[in-house]
Amino acid sequence: MHRVAVTGMGIISPLGNDVGSFWKALLGGECGIGPITRFDTQGFKVKIAAEVKGFEPGAYGIEVAEARRMDLFSQYAMAAAHQAMAQSGLMGQVEPHRFGVNISSGIGGIETMFRESEKLINRGPGRVSPLCIPTMIGNMAAGNAAIKYNAQGACVPVITACATSTHSVGEACRLIRHGYIDAMLTGGSEASVTPIAIAGFTSSMALSETNEPLASSLPFDLNRKGFVLGEGAAVLVLENMEMARKRGAKILGEIVGYGATCDASHITAPQPEGDGAARAMRLALEEAGDSGRESLYINAHGTGTPLNDKTETLAIKRALGEARAREAAISSIKGATGHMLGAAGGAELIATLLALSEGVLPPTIPLKTKDAACDLDYVPHVARRETRELGLSVSLGFGGHNGALAVRRGT
């Protein structure tokens, strides 16, 4: 089995459009949630989201003509990939047929679908763009990245709702670990701040209807009432550790374990006892060779929905045992970023890697009122300078999809 190194990271997020800006804002307790600017929210119960700000495709090598052929989710992905590839120095250092892509999206080009559907309804079928389908489909961020970087190996995006990019990284890791490929560009992207997405999530009673940025996304807080829709992209370069060291790449971290399970219980609600989520965490820790004595940081899914947070707390206890669960430091960054859906796991994995490498744990910024059902250490309010030996990034998605990634700091 091959070890898997992280050698590049890139992000487009509500907190900043590069890793440095994202991390600084996260540790500073900043909140990326604000009034929706993409469309008129008159008549909508929900009027806030965590939008990406100041995004300029050209700053990431995306030509104007290219951008016109991409949905926003693909543009975000390409921008994050540009950053990750630049940091890794991988281009030209790996055989094209040994280089793959697994950049995924939970929803894909929903902005394109909404716009082209309006054309169909209002102006007739002849007005629908010939680029509608190749722009909309959820695999196109991966396809565009493969074309850009001549990655001729496996190009296999996955769709598992809010667990999408965690599973993308995990499956990419397995391809390298088992020797099928030497390097992967992997992560997730989402750009779903659209009328149909806001209306749909609101109708399913998933979104917070508290239209105040600092009181809307409340992971693990007694007063939590739903999540806030976010957007962005997070992309990482993974490599065979031996190859990365041989070429002198900086090792930003190591993926040491991956667990994937399904609740097989309900299309939106988590399994009440948290069994599936707990099994995913245990699988990741077992693959990591966890002794049970290592200090642990967990970046939780922590959506701020009434069911998720108490179930996830229970799952952590089931996975670790009561005593170790109480020793773990846990945080959710969704109070700052909103829920980036298919990009969430990638962004949270980057936060986990940085927390280990820099010895600073990001906070759960809006946590004010304790909930008896959420009684662990969630690093409330402010970042904490503390060194942890092992990291665990957890994602849980509609459909009962559970994913967990175990990581160690770079060497």
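The values are calculated or read from the model by the stated rules, or taken from the named source; none is laboratory data. None of these values were measured; they are calculated from a predicted model. Ideal geometry is used to build each Cβ from the backbone, glycine not excepted, and the neighbour counts take in all protein chains shown. Ligands, DNA and RNA are excluded from the accessible area calculation, which covers all protein heavy atoms including side chains. Shrake-Rupley method; radii C 1.70, N 1.55, O 1.52, S 1.80 Å.
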Task: Only one of G200, G248 that is out of contact with any strand residue (DSSP E or B) (no Cβ under 6 Å at 6 or more places or on another chain) and part of a helix (DSSP H, G or I) - done: G200
Open item on the list: If T186 satisfies all but one of (1) farther than 17 Å from L405 by Cβ; (2) open to solvent by less than 30 Å² (accessible area, probe 1.4 Å), what's the number of the condition it fails?
Closed with: (1)
- [ ] Answer yes or no as to whether T337 is out of contact with any Gly (no Cβ under 6 Å at 6 or more places or on another chain) and crowded, with 18+ Cβ neighbours inside 10 Å.
- [x] no
- [ ] Would you mention how many residues in the range 75-105 are among the small types (G, A, S), in contact (Cβ under 8 Å) with a residue 12 or more places away in the chain and out of contact with any strand residue (DSSP E or B) (no Cβ under 7 Å at 6 or more places or on another chain)?
- [x] 2
TODO: Select from the range 342-366 the residues that are open to solvent by 20 Å² or more (accessible area, probe 1.4 Å) and more than 18 Å from L405 (Cβ to Cβ) and list them in ascending order.
DONE: E358, I365
Open item on the list: Among (1) under 21 Å from the mean Cα position of the chain (by Cα); (2) touching a residue at least 60 places away in the same chain (Cβ under 8 Å); (3) open to solvent by 50 Å² or more (accessible area, probe 1.4 Å); (4) more than 29 Å from F73 (Cα to Cα), there is one condition E242 misses while meeting the rest; what is its number?
Closed with: (1)
Open item on the list: Checking the structure you have, find out if any residue of the range 401-409 is of a type in the set (A, V, I, L, M), within 19 Å of L27 (Cβ to Cβ) and not in a strand (DSSP E or B).
Closed with: no
Task: Checklist (1) touching a Cys at 6+ places or on another chain (Cβ under 6 Å); (2) touching a residue at least 40 places away in the same chain (Cβ under 8 Å) applied to E116, failing item - done: (2)
TODO: Scan the range 306-334 for residues that are of a type in the set (A, V, I, L, M) and either on the phi > 0 side of the Ramachandran plot or not in a loop (DSSP other than H, G, I, E, B) (or both) and jot them down.
DONE: L307, L314, A315, I316, A319, L320, A323, A325, A329, I330
